[in-house]
1. Of V17, V34, how do they rank once you tally other Cβ atoms within 10 Å and put the fewest first?
2. Simple spin-label model, 7 Å along Cα-to-Cβ: M127 to L95 in nm?
3. What ranking do 66-76, 92-102 get when scored by the average of other Cβ atoms within 10 Å per residue, highest first?
4. Put a dot 7 Å past each Cα toward the Cβ at D108 and A19; how far apart are the dots in nm?
5. Between N120 and Q28, what is the label-to-label distance in nm when each label sits 7 Å out along the Cα-to-Cβ direction?
6. Give me S55, S60 ranked fewest to most by other Cβ atoms within 10 Å of their Cβ, as a rough exposure proxy.
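No value in this document is a laboratory result; all are computed from the given coordinates. Predicted, not measured: the structure shown is a model, and the values here were computed from it. Counting neighbours? That spans all protein chains shown, and the Cβs are built from the backbone with ideal geometry, glycine included.
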Amino acid sequence: MCIRDRAGAQAGILNSVAADKAVRDQAQMEAQRVAMAGSALSLNRAVYDALVAISLDGASAATKHYVGRTLLGYQMCIRDRIKTLMHDMPNVDQLPNRPAMPDVMTLDNGRKVKTLKQWNERRTEMMRTCLLYTSRCV
């Protein structure tokens, strides 16, 4: 995480002080890439699971603290992401009455799923909906 933070800070400094506009523009793009990579990493379940699996038996207090804070950061990021999704979704009482089950092969925008890419998009839509309505208390 320190390297990522340093990269973002250095790009931010270049964006603020470089005399050349092309350098400032590139630095701004790099800062955005660093931020996106940080977001992707903080939502990566495999990384979280690997951190949880670390045995801290015999580890120093500093290591235990660092791992604990890192795990807390992951949990907070996931919680914030869920809150963002919840804000975008209607409450249960605002949903339309649909007596039949929805077609899993139709995207929320009404398009039919015909490709693997569309299926991955549909899968994400369904998981987001399930997560929202099963985790309303988050």
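1. Exposure proxy ranking, most exposed first: V17, V34.
2. A separation of 1.9 nm, rounded to one decimal place.
3. With the highest mean Cβ count within 10 Å placed first, the list reads 66-76, 92-102.
4. 5.0
5. In this crude spin-label approximation the distance works out to 3.0 nm.
6. S55, S60
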